[in-house]
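Laboratory data are not the source of any read-out in this text; all were calculated from the coordinates shown. No experiment lies behind these values; they were computed from the predicted model shown. Cβ atoms come from the backbone with ideal geometry, glycine included; neighbour counts cover every protein chain shown.
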């Protein structure tokens, strides 16, 4: 299929260029560009679509999402997880990594086996399951947030290995609070297998540096559930910001992080902000009482909280978070990059997804100039 007369997203530096592309066998087979004042004449037939000046961005990749449409990864059955994938695909998220919460091994094992099954089948009407985000159970009780304190554990390499094997090697991101006893040994081992992200932590600057020196390469939901950035005690945020190899996840729903801090994040971590939704099963649902990590959560408006008022995950999808970042003043080309190629790198699929390039999956979203969705494509097929 040939698509012409569009503004194609080409990356953080180039932004959008006027041109078109072709897809074949589910991949981008060629790209071509021409001056903005030139318009290619349609070739005729059903295999050429004139996009008439629309904008085209890569399919978004959400690497930290717990659920949507009443389904939570940690508790979901097969149909629930498929329903979650269907919702994401229709909202322009063509790949995702469902995130588990802190639970006992038996419960996590069930969820991980299901993820492996869905990954292997890759239902065509669903967002692609690109891996698993293992959030917990090796986290700080002090900074546990919505994680259930009953199931928090000390770092355990054997537990990680067991879950990794159960998942068929699908764990792409594993979290750790680096101040815990045994954390550095855990990081050194796991970082050779997948991305290690510092999460739910009260670590000092020195402990953060040690974690990054050991191989951790990411911060989980920046500012939330971690030691704060302070001018005399910079904590893990300061330790991460001064390195150019550390990504920072950011929930940009307008609730978890103030717009000013969103703008600051893109300055602290240039080209390394990874937009995430951290969405819960409340996403796409009406106000009410739901569950997260075995605890009741309350959705009112767009805010999700525990009974004590603690903010617990979000009720926004990644596409909305990207648009919210733009509304806060983040340049479009930066926001798109942070919702596509940066997360692709985090889960190790940047050779296949995250940008519009020859040989990559033809996952893309046709939008208007304000990036409002018009059509969503996964591997060249419209949904």
**OP:** For Cα extents along the principal axes in Å, several values are listed as (i) 54, 52, 46; (ii) 65, 46, 41; (iii) 65, 54, 48; flag the one computed from this structure.
**Re:** (ii)
Subject >> Cα→Cβ-extended label distance, 7 Å offset, between residue 157 and residue 206, nm >> reply: 2.5 nm
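How do the peptides 84-95, 150-161, 131-142 rank, highest first, by the average count of neighbouring beta carbon atoms within 10 Å per residue?
Values: 84-95: 25.4, 150-161: 15.0, 131-142: 23.9.
Descending mean neighbour count gives 84-95, 131-142, 150-161.
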**OP:** May I ask you to compute the full-extension gain from residue 192 to residue 369, defined as 0.36 nm times their residue separation minus their alpha-carbon distance, rounded to one decimal in nm?
**Re:** 59.6 nm
Original post:
Taking only DSSP H segments of four or more residues, each worth -39500 (n - 2.57), what value at 222 nm results for the chain once the sum is divided by all its residues, to the nearest 500 deg cm²/dmol?
Top reply: -7500 deg cm²/dmol
Subject >> Beta bridges by DSSP in region 60-346, antiparallel share as percent, to the nearest 5 >> reply: 30 percent
Subject >> Label-to-label distance, nm, for residues given as residue 32 and residue 352 (7 Å Cα→Cβ offset) >> reply: 2.9 nm
**OP:** Calculate, in nm to one decimal, what residue 289 and residue 142 gain on full extension: separation in residues at 0.36 nm each, minus their alpha carbon distance.
**Re:** 50.4 nm
